[in-house]
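The values are calculated or read from the model by the stated rules, or taken from the named source; none is laboratory data. Since this is a predicted model, take the numbers as computed values, not measurements. Cβ sites come from the backbone with ideal geometry, for glycine too, and all protein chains shown count toward neighbours. Side chains are part of the model used for accessible areas, which takes the heavy atoms of the whole protein and leaves out ligands, DNA and RNA. Shrake-Rupley method; radii C 1.70, N 1.55, O 1.52, S 1.80 Å.
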Amino acid sequence: STFQAYLKEHYKKICECLEPVIGVKAKEDIGQAMVLLMHHQGMAAEFLTEIITLDLLRVGDQRLTFRGNSLATKSMEAFLKLTGEQYLQDTLSTPITEIISSEQDCEVDPLKASGSLSRQQQSLRNAIKLAWNAIADSHRHFPSQLRECFATFRERLLDISREDMADNLISASIFLRF
């Protein structure tokens, strides 16, 4: 349709205009709709790269990457759910079920701990190790669409001489929004 063609061609300007004047819920809805459209058109990585780059340049402080509720972060969240939800469930459902069924107390706040703090700290370490090993062992199954998107991020950041931000951007995508 004409509207789809317009969105595909002018998404960057549309997002720039909408960002300061819409609320978080609208950003979530619009981000999800744009990701679905762009994904269907084979343009999701390009779309995300452009709007995330705009967000990075607008915010300036890379420590704040994906910590806010911008159209870019909400779009990235939608893309991660769309392309990676099954991977996440396949990777973490077993270790999480094991952790929950073990009934080990992993509370490490000394004011809240009811038993031996050192034993509970070790229980937490064991739980983290179980989950981390599942993640490390799943690298071959990491969604190719996410790999491609992250590669596009790297290329774009290299183009604007900000390749120093690539690792932070990718890890923030995974750990803060996935």
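If I take R0 = 35 Å and measure r between the Cβ atoms of Glu107 and Glu148 in this structure, what FRET efficiency does the formula 1/(1 + (r/R0)^6) give, to the nearest 0.05?
Result of the calculation: an efficiency of 0.30.
Return the calculated 222 nm mean residue ellipticity for the chain, to the nearest 500 deg cm²/dmol, obtained by summing -39500 (n - 2.57) across DSSP H runs with n ≥ 4 and dividing by the residue count.
Calculated mean residue ellipticity at 222 nm is -25000 deg cm²/dmol.
At most 13 other Cβ atoms within 10 Å and a DSSP loop assignment: could you name the trypsin sites (Lys or Arg not before Pro) in the stretch 91-178 that fit?
Lys112
Using Cα positions and a limit of under 26 Å, work out the lysines in reach of Lys13, with same-chain residues fewer than 8 apart set aside.
Within the straight-line cut-off, Lys13 pairs with Lys25, Lys27, Lys74, Lys81.
Per 10 Å bin, what is the whole-percent P(r) computed from every C-alpha pair distance within the chain?
Taking every Cα pair in the chain, the percentages come to 9, 31, 29, 19, 10, 2, 0.
Which sequence of Thr97, Thr53, Thr2, Thr152 reflects their accessible areas, 1.4 Å probe, from the largest down?
Thr2, Thr97, Thr152, Thr53
Determine ³J(HN,Hα), in whole Hz, for all residues of the stretch 168-178 in sequence, where each value follows from phi through the Karplus function 6.51 cos²θ - 1.76 cosθ + 1.60 and θ = phi - 60°; x replaces Gly and Pro.
Working through the residues one at a time gives 5, 5, 5, 5, 5, 4, 6, 7, 9, 10, 9 Hz.
In the stretch 57-145, which GluC sites (Glu not before Pro) are in a loop and have at most 13 other Cβ atoms within 10 Å, using DSSP for the loop call?
Those satisfying the criteria are Glu103.
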